[in-house]
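Right, one structure below, let's go through it.
The values are calculated or read from the model by the stated rules, or taken from the named source; none is laboratory data. Model, not experiment: these values are computed from the prediction. Quick reminder, even Gly has a Cβ in these numbers, built from the backbone with ideal geometry, and neighbours come from all protein chains shown. Areas reflect the complete protein model, heavy atoms only, side chains present, ligands, DNA and RNA absent. Shrake-Rupley method; radii C 1.70, N 1.55, O 1.52, S 1.80 Å.
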Amino acid sequence: MYKIVSIPGDGIGPEVVAGALEVLEKVGRKHGLDFSVEEHPFGGASYDLHGEMLTDATLEACRNCDAVLLGAVGGPKWENLPHDKKPEAALLRIRKELGLFANLRPAKVYDALVDASSLKDEVVRGTDFLVFRELTGGIYFGQPRGFDENRGWNTMVYERYEVERIARLAFEAARKRSGRVMSIDKANVLEVSQFWRNVVQEIHKDYRDVELNHMYVDNAAMQIVRNPKQFDVIVTGNLFGDILSDIAGMITGSLGMLPSASIGSKHALYEPIHGSAPDIAGRNIANPIATIASVAMMFEHSFRRTDIATEIYDAIENALASGIRTADIAKPGEKTVSTTDMTNAIVRQL
Ligand code: IPM
Ligand code: MN
């Protein structure tokens, strides 16, 4: 029996999570696996109910389950709260409290969607790389931080153990892929980046079979758009990873396609990369694929069932190959389907 905590959250979150849970149920039936799914409020939905974006009860539930599935949080309704009360702050807190130090963001271009990308077919076709973004350190969490009338400040700091553990994960992953790691930093300017680079090089001594290269983050931003196929595994810090994974997301056509896994030594949380998209919330038109693919990542990383993960990815691929499109991935004038239609099409493939 696997215990899953579902956090639909705000905006389109509930719609895409509902789709993902149907897929979960389907593969459960098919493979004779039992899941208990417990729903908890988080973000704006929680704020409206309890006056807090993240309650102790939700956090406790996340600590006591096998995997968390999260939709999205935030929206205009809660935008004007003070900095530390915003949904974003709650998201950072849940990452920190659960120790989710590694954020995995795959950038994979589905053949059926090559022409949904803003880049040329020959540039994007076959792109398949994996970003390891450090998630609980760096400038997102460094002290001191603050601002007053005349000054604003944050601190970018990395501890040795923080760089070591994410570097190890990246090298391990590269071993199972094409065997290449690109570490991305700003070592020509930032001391913290020089430190990052030194530690990654030290850890590399344990992974001589993997090829390690380094790139400055500004160049990397350009290279991802110029020739994304040169990358296999990327490892980088929190802020650089945030920015580069959005760039990486866009070359695949739509952020609506991309899943993520946030992993620590005890806990794991899976969520689509896209946000809560308040403009289309409640209309049953959001693309559920990113959240469904997040369930695939859950099988891969939390339940060690790559066979089931592959089945889910294949089902997505086949549904797309049959020509079915939500609005975000449709060509102008092309017929589009609803969130539930896309979900059903994928479930049927399974
Ligand atoms: C992401 C988001 C978050 C981040 C925000 C919402 C706090 O942009 O998951 O990439 O910056 O980490
Ligand atoms: Mn981001």
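So that you can scan it fast, the table gives a plain yes or no per residue for (1) open to solvent by less than 10 Å² (accessible area, probe 1.4 Å); (2) under 22 Å from the mean Cα position of the chain (by Cα); (3) closer than 19 Å to residue 290 by Cα:
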residue	(1), (2), (3)
35	no, no, no
39	no, yes, no
52	no, no, no
68	yes, yes, yes
Q: Determine which member of the set 248, 221, 170, 187 is of a type outside the set (D, E, K, R), assigned to a helix (DSSP H, G or I) and more than 16 Å from ligand 1 (Cβ to nearest atom).
A: 170
Q | residue 70 closer than 27 Å to residue 19 by Cβ, modelled with pLDDT of 95 or more and in contact with a Lys or Arg (Cβ under 7 Å, 6 or more places away or on another chain) | A | no
Q) Restricting attention to segment 224-234, does a residue exist that is within 15 Å of ligand 1 (Cβ to nearest atom), touching a helix residue (DSSP H, G or I) at 6+ places or on another chain (Cβ under 9 Å) and either within 15 Å of residue 179 (Cα to Cα) or of a type outside the set (A, V, I, L, M, F, W, C) (or both)? A) yes
Q: For segment 142-163, indicate whether the set of residues that are at pLDDT 95 or above, among the hydrophobic types (A, V, I, L, M, F, W, C) and surrounded by 21 or more Cβ atoms within 10 Å (Cβ to Cβ) is non-empty.
A: yes
Q) In segment 251-306, which residue that is within 27 Å of residue 162 (Cβ to Cβ), assigned to a helix (DSSP H, G or I) and more than 16 Å from ligand 2 (Cβ to nearest atom) is nearest to the chain's Cα centre (by Cα)? A) 297
Q) Does residue 209 fit the bill of being acidic (Asp, Glu) and outside any loop (DSSP other than H, G, I, E, B)? A) no
(Q) For segment 198-223, give me the residue count where each residue is touching a strand residue (DSSP E or B) at 6+ places or on another chain (Cβ under 6 Å) and surrounded by fewer than 19 Cβ atoms within 10 Å (Cβ to Cβ). (A) 4
(Q) Can you report the number of residues in segment 98-122 which are in contact with a Lys or Arg (Cβ under 8 Å, 6 or more places away or on another chain) and assigned to a helix (DSSP H, G or I)? (A) 4
Q: Would you mind finding the one in 207, 158 that is among the hydroxyl-bearing types (Ser, Thr, Tyr) and under 25 Å from the mean Cα position of the chain (by Cα)?
A: 158
**Q.** Among the residues listed as 20, 45, 72, the single one being touching a residue at least 24 places away in the same chain (Cβ under 8 Å), out of contact with any helix residue (DSSP H, G or I) (no Cβ under 7 Å at 6 or more places or on another chain) and buried (at least 22 other Cβ atoms within 10 Å of the Cβ)
**A.** 45
Q: Quick one: residue 288 ticks every box in (1) open to solvent by less than 10 Å² (accessible area, probe 1.4 Å); (2) in contact with a Leu (Cβ under 9 Å, 6 or more places away or on another chain) except a single one, so which number is it?
A: (2)
**Q.** Qualifying positions in segment 77-109 - among the polar types (S, T, N, Q) and either within 12 Å of ligand 1 (Cβ to nearest atom) or surrounded by 22 or more Cβ atoms within 10 Å (Cβ to Cβ) (or both)
**A.** 103
Q | Residue count for segment 224-239, restricted to those that are open to solvent by 10 Å² or more (accessible area, probe 1.4 Å) and within 11 Å of ligand 2 (Cβ to nearest atom) | A | 1
Q | segment 310-329 residues that are within 15 Å of residue 23 (Cα to Cα), paired with ones that are polar (S, T, N, Q) (beta carbon under 6 Å, 6 or more apart) | A | 315/349; 318/349; 319/349
